[in-house]
Amino acid sequence: MSLLSPMALAWAAVALPIIGLYILRIRRRRQIVPTLLFWDQIFQDTAPRSLWRRLRHWLSLLLQLALLTLLVLALADPVSTGRSSKPVHYVLVIDQSASMKATDGAPARIDEARERAMRLVNGMRSQDEATIIGAGVMPTVLSGRTQHQPMLRAALRDVHAADTTADLNAAVRLARSLTGAQGEPEVLLISDASGLATLDADLTGEIATHACGRVTNNIAITGLAVRPRSDNPLELQGILRVGNYTDAAVAAEVKLTLNDNLFDVAIVELAAGEEKVHAFRTLNSEGGVIRAKLTKLDALASDNVASAILPDVGRRKVTLVSTGDLFLESVLRSHLWMEVMRITPEEYAKSPPMSDILVFDGFVPEPLPNAPSLYVYPTRSSRLWTLGAEINNPIVSDLPDDESKLLRHVNLKNCTFHRARIIQADSAGNPLITSSGRPLLVHWPDARAPVVLLAINTRAGESDLPWRTAFPILMQNILNDLAGSTEDSLSAHRTSESVALPLPAATLTVTDETHRMIPVSATDLGATIGPVSTVSVVTATSGNATRRIAFNLADSRESNLRPPPTTQPSREANLALGNSGLSWPWWVVLVALAILLSAVEWSLHQRSVID
Amino acid sequence: MAVFESDFLQKLEYLALVARRVFRGRIRAERRSRSFGSSVEFADYREYAPGDDYRRIDWNILARMDALLLKLFEEEQDLHVYILLDASRSMSSTDAKFHSALRVAASLAYIAMSNLDRVAILPFADRLLPEFPLTRGKGKILSLLEYLERLTPVATDTHLEQCARLFLQRRPRRGLVVLISDLYDAHGFERGLDVLRFHGDEIHTIHLTEATEATPSLLGDLDLVDAETGAVRTVTVTERHLREYRRLYAQYLERCETSCRQREVGYIHATSDVPFEELVLKVLRQGGAVA
């Protein structure tokens, strides 16, 4: 224990007038009365001044001196030995993840966290400093290092939880890296027990922690995905994942709506702690929003709803410009959502038709159309590629890129190609299949007019590809890509993710369902959105182009409001600003004791005159 | 503060007039004595005895009945009013109480003088103090007031019985005794009343106290000093004690009134904050103290 203001001890001199006044006070007043007859009767049975009454004066003096001692000590501002008079740099790391929105705190966990942090700030001495870090997907410094308590309090008032996950380890490492003149900062991590369980082992012993909230049951939608059937995009296949984070079996009722029209109510039977996937189907051709919603509310609202975006899947017009390829035309016609029309190159040259997708078989128009196009076995060079000599029996030397959407589920092993063109694509072209470095399949992923070039001759007798199952799969992938039906546009994203949009960031406006602006980051390929702070369907607009993206929490770790059994409770003992009395400096305690003593003294005085 | 203000005499005259108007026919200065005298009021006959005044023989009776009878007439005598004024230390615990007693004594004396009665003021404590002798006539009121103004309480206790005996030895004849006191007598004021009543005097008691004596505001550690005896009692007074005090004091007042009524002694209790005119009228109306 040391004193920060030892000069204040001089106030102890006040004891002298207190003792003087006490001596004056204990001198009894002399009161002349007409007669003692009545007083004699009153006090004839009891001692007029009992031992207690005589001692009461001394006790009163002792109480007054003790009161003075407490107040003088409070003015001297004592600190415990562990908390020296040196300034301390506190770093408050506040978990802003979705689980902090759970309403089992005061009233939510984030409110409890804010209150806890506020107590620490209020207990800071004038020379102490503090930094506030918000732990979200990325750690954010909410208030820089400062002694100015009003600024810290204002920053704390603005702390809110988001519907995202939080990287507590990154936030704590950032906090510990804020070394200043005072040496290592004292870090207090305020999270919930589930969040504390994610801390790396090397960090747990280094910082103080405070766990908000309590063990709370929760049922959550942890996933929603919808996709069109590959052969018929008008039919949607969906999966819904529901988690039961309680100690009992439940039957979760989920309402499924399409553009706010109810089309299914799923009852998902779940054992305690179980996550289960529920599949559903529906038809859609106009696009919109499919939404799953738990009918029963619980402590965490963010995971009670999930959304997914459906694309506008109307029938697409496909024009096949060919002199006649039965296999290619049959593959195209096998897609129910494709309306295929075949014309000859001469007809095309005479009058190019309006079409959603153009497929050129052994023919390259001049100039290249500004529309999604597939070129099969090109016959001449264009602005995108330079045509080389023909090669025979090319062998696929490089394994296809599994991550490419065009080659998904395409197995080209043992395929025999008799003839192909040597292609030299420009820099924008992305070769997907090569033979000894020569590209056989090239993709130009342009947002408005993607182009795919297949350098292989697919006619019968020139290749066995038409007989392979890889052929219809490859053509379906290519047509899906050209139709713009990417997977991203068909499903949903986590709020913690960043979604790239092939739209210019400068003219992009993104708003959520409450018309709140969502920040956009510019990238080389366009813009990115996210992480977003709330579960919502956002609308991105750039000129005439509009795109909707669904963001869901979809994180079982955030939805599970029951801490793992191994989670330790709050560890605040190693924080110099106190453990249970963290926010109460000694002077506050002393003043409180002084008030208590005042009450005792007042009680003694009252007893002496009222009895 | 002066005991008698400049308009005190005017108030006394007013009281005398009011007393005369209100109590006409009931309060009279003239009193029929039990002795026979030479007034015009016939009383009785008795047989002549040698030495009797021939002028009182009823000659008509002698002529008709041949008997010597004397006509007896009632003798009218002045009423003697004795005001026993408590001048013990307890009466001076506050100036107000003693001053009120002096004003009441002066008022009653003036009213009596106005009715041609004789008035004496006898201050007492544990003994009789120098008195204002029996005096008649309103013209002596100034000297009476001067006497009262010089009167100061003595630092002794009250002993009414002893003083009553001394009074009875000194008084020339029976009369009306008005006792003005706070009745704080450790020896018992009832014994003093018994002594006075036994000797046939008509007694009226005016019990004067202070309002603060009934409801004292003493709290805490105190040295209580008895004003009369000087005895000291060290006490710690609490609210509970004050409640007990008020109860005892109420009992004491009740006892005073009961004791007086039982002895056929007129009793009036008043606190010193009651104006003396009001108190005197109350005395006249309720007790007939100077009737």
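Does the range A:351-366 include one or more residues that are assigned to a strand (DSSP E or B), of a type in the set (Gly, Ala, Ser) and under 44 Å from the mean Cα position of the chain (by Cα)? No; the residues of the range A:351-366 include none that is assigned to a strand (DSSP E or B), of a type in the set (Gly, Ala, Ser) and under 44 Å from the mean Cα position of the chain (by Cα). Residues of the range A:423-436 that are in a strand (DSSP E or B) and either within 16 Å of A:Leu374 (Cα to Cα) or touching an Asp or Glu at 6+ places or on another chain (Cβ under 7 Å) (or both): A:Ile423, A:Ala425, A:Asn430, A:Pro431, A:Leu432, A:Ile433, A:Thr434. With respect to the conditions (1) at pLDDT below 90; (2) over 20 Å from A:Thr209 (Cα atoms), A:Pro185 lacks only one, and its number is (2). Cβ separations smaller than 7 Å between residues 6+ apart or across chains give no pair from the range B:238-265 residues that are within 11 Å of another protein chain (Cβ to nearest Cβ) to residues that are among the basic types (Lys, Arg) and surrounded by fewer than 16 Cβ atoms within 10 Å (Cβ to Cβ).
Just to be sure before I move on: is B:Pro216 farther than 30 Å from B:Leu168 by Cβ and more than 14 Å from every other protein chain (Cβ to nearest Cβ) in the structure I sent? Here the answer is no, as B:Pro216 does not meet what is asked. Under the condition of being exposed (fewer than 11 other Cβ atoms within 10 Å of the Cβ), within 13 Å of chain B (Cβ to nearest Cβ) and either farther than 28 Å from A:Ala74 by Cβ or at pLDDT 85 or above (or both), the residues counted in the range A:4-29 number 1. Filtered by the rule that a residue be part of a loop (DSSP other than H, G, I, E, B) and buried (at least 17 other Cβ atoms within 10 Å of the Cβ), the range A:197-211 gives A:Ala197, A:Thr198, A:Leu199, A:Ile207.
The residues of the range A:252-282 that are without any contact (Cβ under 8 Å) to a residue 24 or more places away in the chain and polar (S, T, N, Q) amount to a single one, A:Asn261.
In the range A:58-77, what count of residues is obtained for those that are in contact (Cβ under 8 Å) with a residue 40 or more places away in the chain and farther than 13 Å from A:Ile595 by Cβ? Step through it out loud before you land on a result.
Keep residues of the range A:58-77 that are in contact (Cβ under 8 Å) with a residue 40 or more places away in the chain, which gives A:59-61, A:63-77.
Those left that are additionally farther than 13 Å from A:Ile595 by Cβ: A:59-61, A:64-65, A:68-69, A:72-73, A:75-77.
Adding up the residues that qualify gives 12.
Of B:Glu277, B:Glu190, B:Glu210, all but one fail to be surrounded by 16 or more Cβ atoms within 10 Å (Cβ to Cβ), within 21 Å of B:Leu160 (Cβ to Cβ) and out of contact with any strand residue (DSSP E or B) (no Cβ under 8 Å at 6 or more places or on another chain); the exception is B:Glu190.
Exactly one residue out of B:Val81, B:Val3 is under 19 Å from B:Leu281 (Cβ atoms), in contact with a helix residue (DSSP H, G or I) (Cβ under 6 Å, 6 or more places away or on another chain) and either assigned to a loop (DSSP other than H, G, I, E, B) or modelled with pLDDT of 75 or more (or both), and it is B:Val81. Within the range B:161-201, the residues that satisfy the criterion of being within 14 Å of chain A (Cβ to nearest Cβ) and without any contact (Cβ under 8 Å) to a residue 60 or more places away in the chain are B:Asp185, B:Ala186, B:His187, B:Gly188. In the set B:Thr135, B:Thr156, only one residue is within 14 Å of chain A (Cβ to nearest Cβ), more than 25 Å from B:Asp273 (Cβ to Cβ) and surrounded by 15 or more Cβ atoms within 10 Å (Cβ to Cβ); that residue is B:Thr156.
One residue stands out among those in the range A:40-91 that are modelled with pLDDT under 75, within 14 Å of another protein chain (Cβ to nearest Cβ) and in contact with a strand residue (DSSP E or B) (Cβ under 7 Å, 6 or more places away or on another chain): the one that is nearest to A:Leu188 (Cα to Cα), which is A:Arg53. Going through (1) out of contact with any helix residue (DSSP H, G or I) (no Cβ under 9 Å at 6 or more places or on another chain); (2) farther than 20 Å from A:Ser496 by Cβ one by one, A:Ala117 falls short only on (1). Among the conditions (1) touching a residue at least 12 places away in the same chain (Cβ under 8 Å); (2) within 23 Å of the chain's Cα centre (by Cα); (3) in a helix (DSSP H, G or I), A:Asp111 misses just one, which is (1). Being among the charged types (D, E, K, R), in contact (Cβ under 8 Å) with a residue 40 or more places away in the chain, in contact with a Ser or Thr (Cβ under 9 Å, 6 or more places away or on another chain) and surrounded by fewer than 24 Cβ atoms within 10 Å (Cβ to Cβ) is the filter here; which residues of the range A:294-336 pass it? Correct list: A:Asp298, A:Arg316, A:Lys317, A:Asp325.
Could you list, in sequence order, all residues of the range B:220-267 that are basic (Lys, Arg), surrounded by fewer than 15 Cβ atoms within 10 Å (Cβ to Cβ) and more than 22 Å from B:Ser88 (Cα to Cα)? If the condition is that a residue be basic (Lys, Arg), surrounded by fewer than 15 Cβ atoms within 10 Å (Cβ to Cβ) and more than 22 Å from B:Ser88 (Cα to Cα), then B:Arg240, B:Arg243, B:Arg246, B:Arg247, B:Arg261 are the ones that fit. Determine, yes or no, whether B:Arg31 is at pLDDT below 85, part of a helix (DSSP H, G or I) and of a type outside the set (Ser, Thr, Tyr). Criteria not met by B:Arg31.
Each row is one residue, and each column tells you yes or no for (1) within 30 Å of B:Ala227 (Cα to Cα); (2) buried (at least 23 other Cβ atoms within 10 Å of the Cβ); (3) at pLDDT 90 or above; (4) among the polar types (S, T, N, Q).
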| site | (1), (2), (3), (4) |
| --- | --- |
| B:Ala67 | no, no, no, no |
| B:Leu72 | no, no, no, no |
| B:Gln77 | no, no, no, yes |
| B:Asp86 | yes, yes, yes, no |
| B:Met113 | no, yes, no, no |
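Given the condition crowded, with 21+ Cβ neighbours inside 10 Å, of a type in the set (A, V, I, L, M, F, W, C) and assigned to a strand (DSSP E or B), answer yes or no: does some residue in the range A:149-162 qualify? Scanning the range A:149-162, I find no residue that is crowded, with 21+ Cβ neighbours inside 10 Å, of a type in the set (A, V, I, L, M, F, W, C) and assigned to a strand (DSSP E or B), so the answer is no.
In this structure, A:Ile395 does not satisfy being crowded, with 17+ Cβ neighbours inside 10 Å and among the β-branched types (Val, Ile, Thr).
Please specify each residue of the range B:219-237 satisfying the condition of being in a strand (DSSP E or B) and more than 7 Å from chain A (Cβ to nearest Cβ).
B:Val232, B:Val237
Step by step: first the residues of the range A:212-271, then only those that are in contact with a helix residue (DSSP H, G or I) (Cβ under 7 Å, 6 or more places away or on another chain) and not in a strand (DSSP E or B), then the one that is farthest from A:Ile478 (Cα to Cα). Which residue is that? That would be A:Gly213.
The values are calculated or read from the model by the stated rules, or taken from the named source; none is laboratory data. Since the model is a prediction, treat every value here as computed from it, not as a measurement. All Cβ positions, glycine included, derive from the backbone under ideal geometry; neighbour counts span all protein chains shown.
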